[in-house]
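Peer 1: Could you have a look at this structure, given as structure tokens, before my questions?
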Amino acid sequence: MKAIARLNFAHLPTPIEELPRLTAALGGPRILVKRDDQTGLAFGGNKTRKLEFLVAEAQEQRADMLISAGAIQSNHCRQTVAAAARFGFDCTLVLTGERPSQPSANFLLDQLFGAEIITVADRKDRDRILQETFDNAVAAGRKPYLVPYGGSSPTGAMGYTFAMEELMMQLKNLRGLEHGIDWIIFGTSSGGTHAGFVLGQRVFGFKGKILGISIDEPEAELKVHVSALATQASEKLVERIEFTGDDVLANENYCQAGYGVFGEGEREAIKLFASNEGLLLDPVYTGRAAAGMIDLIRRGYFKKDETILFWHTGGQPALFADKYSQDLI
Ligand SMILES: *Cc1c(COP(=O)(O)O)cnc(C)c1O
């Protein structure tokens, strides 16, 4: 395996916990959770694993600022600016949506961590303004590093390639997991988590299936994008592996309402996890992924004797965004 630069600031390995009361409430299969909401940086989440590689790359390139982009309530941007603060980078975030009159949740935290924020009202202007922001920084004599949307570059995908190695160690050492995990279920969007899993599955020999519940992308697009990203990422680590759409399992049935549109499925999932396990999901990603998992369980998609690992990717600060909190209860 090739050497690849990495910082070590995430709290790893993240715990795996049983969810027996949720399992009983749904009538099986056995459900476990992997707590990547506990990765340790600024309320945690999946972007922290990616940032261990992305910030290392920024340091290698002698960058002095990080630039990234996302939605107003982006978890990715919150973790990126926290990492920037921790490692002494300036940070500019290009956020799409209307600038809230009251800062709340991730948008509040971005400012506490010292981000310079540029808001873009219309999503179609986003790429152009991001590019202008980058070019202006260069013109001003800065050395910016562009952290891609969702941290989903081949470098960022390494976070979840090695998360798979971590899981394999846990399966070997944790009691009660001798029979392994049949399914990993998680929310997939910009594809870096998914691509990392797909590559890690191949490299570290995970035997179960990996099902991404789409947050906002058609299944066909996810298959193309995730397999291409996994292929590119493979070259960083080993010999090139050609992944195809057949290597990527995704379900688009739960994202019809659109990104960040909170509905009955998300609400029920959040309440079920909270009231049965004292565990918090978020309204945009893990709420939607869990809603998909719950529906698939009810439809008999899984066998009763199978074991599901719900990979919690974080996002809970968004529970406190004005946009969502009024709809939660
Ligand atoms: C970004 C994010 C995801 C999706 O991860 P991708 O790598 O972008 O597909 C899932 N859950 C949460 C909470 C996120 O913030």
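The values are calculated or read from the model by the stated rules, or taken from the named source; none is laboratory data. If you're wondering where the values come from, they're calculated on a predicted model, not measured in any experiment. When we count neighbours, we look across all protein chains shown, and the Cβ atoms used for this are built from the backbone with ideal geometry, even at glycine. Accessible surface areas use protein heavy atoms only, side chains included; no ligands, DNA or RNA. Shrake-Rupley method; radii C 1.70, N 1.55, O 1.52, S 1.80 Å.
Peer 1: Only one of (1) assigned to a strand (DSSP E or B); (2) in contact with a Phe, Trp or Tyr (Cβ under 6 Å, 6 or more places away or on another chain) fails for C91. Which number is that?
Peer 2: Against the list (1) assigned to a strand (DSSP E or B); (2) in contact with a Phe, Trp or Tyr (Cβ under 6 Å, 6 or more places away or on another chain), C91 comes up short only on (2).
Peer 1: Please report, ordered by residue number, the strands (runs of 3 or more DSSP E) entirely within the range 111-203 with at least 3 residues that are modelled with pLDDT of 95 or more, within 16 Å of the ligand (Cβ to nearest atom) and more than 23 Å from R99 (Cβ to Cβ).
Peer 2: Values: elements: 116-120, 144-146, 183-188.
Those strands (runs of 3 or more DSSP E) span 183-188.
Peer 1: List the helices (runs of 4 or more DSSP H) inside the range 240-329, counting only whole elements, that have at least 3 residues being small (G, A, S). Show your work before the answer.
Peer 2: Details: elements: 264-277, 286-298, 322-328.
Here the list reads 264-277, 286-298.
Peer 1: In the set S214, S227, S152, S234, which member is of a type in the set (S, T, N, Q) and in contact with a Cys (Cβ under 8 Å, 6 or more places away or on another chain)? Break it down into steps so the answer makes sense when it comes.
Peer 2: Details: S227 fails: in contact with a Cys (Cβ under 8 Å, 6 or more places away or on another chain); S152 fails: in contact with a Cys (Cβ under 8 Å, 6 or more places away or on another chain); S234 fails: in contact with a Cys (Cβ under 8 Å, 6 or more places away or on another chain).
Going through S214, S227, S152, S234 in turn, just one is of a type in the set (S, T, N, Q) and in contact with a Cys (Cβ under 8 Å, 6 or more places away or on another chain): S214.
Peer 1: Filter the range 252-288 down to residues that are in contact (Cβ under 8 Å) with a residue 60 or more places away in the chain and open to solvent by 60 Å² or more (accessible area, probe 1.4 Å), then give me how many there are.
Peer 2: Residues flagged as in contact (Cβ under 8 Å) with a residue 60 or more places away in the chain and open to solvent by 60 Å² or more (accessible area, probe 1.4 Å) within the range 252-288 amount to 2.
Peer 1: Which residues, taken from the range 234-251, are without any contact (Cβ under 8 Å) to a residue 40 or more places away in the chain and not hydroxyl-bearing (S, T, Y)? Break it down into steps so the answer makes sense when it comes.
Peer 2: Narrowing the range 234-251 to residues without any contact (Cβ under 8 Å) to a residue 40 or more places away in the chain: 234, 239-240, 242, 244-246.
Within the range 234-251, E239, R240, E242, G245, D246 qualify.
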